[in-house]
1. Under a point spin-label approximation (7 Å from Cα along Cα-to-Cβ), what is the residue 109-residue 68 distance to one decimal in nm?
2. Sticking with the crude label model, points 7 Å out along Cα→Cβ, report the distance from residue 41 to residue 99 in nm, one decimal please.
Amino acid sequence: MNPGTRLAAWPAKSGGTGETSWAGGTFAPGGRQAAAGILGDVSWLERAACRGMDGPLFFGPDGEARPDLEIREAKAKAVCQRCPVRGLCLDFALRNSIRYGIWGGLNAEERTRERRRRARRPYAA
Ligand code: SF4
């Protein structure tokens, strides 16, 4: 697994100039459409509580020990709890079938369960 794949859509750093930096590059507000064409609307990232935080808090290393994983995920989820775009983030991860990391306050297993739940009840999301 390529960590770059996991982090491709991560708002790793805040540019402070109206641009959002991702692990995979930087897009300015004027260039948002290019990113949107690939991933869908990502303007909500500008309001993300995790913006500017370290990606590794949300994306653990391969082979991470269970206790470390649980501690890290709990810290990441605590950030998500206070995030104003949590629902949009979760929808984005589900729509793009993102398999790694914490998105919308859920880890990959939890998102799989959420995806199945929504498939059973498509109007209850
Ligand atoms: S819900 Fe969590 S992962 Fe998603 S943008 Fe907000 S803080 Fe970041």
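1. Between residue 109 and residue 68, the simple spin-label model gives 1.8 nm.
2. 2.9 nm
Readers should treat all values here as calculations from the given coordinates under stated rules, not as data from a laboratory. Since we're looking at a predicted model, the values are computed, not measured. Every residue, glycine as well, gets a Cβ built from its backbone with ideal geometry; the counts of neighbours run over all protein chains shown.
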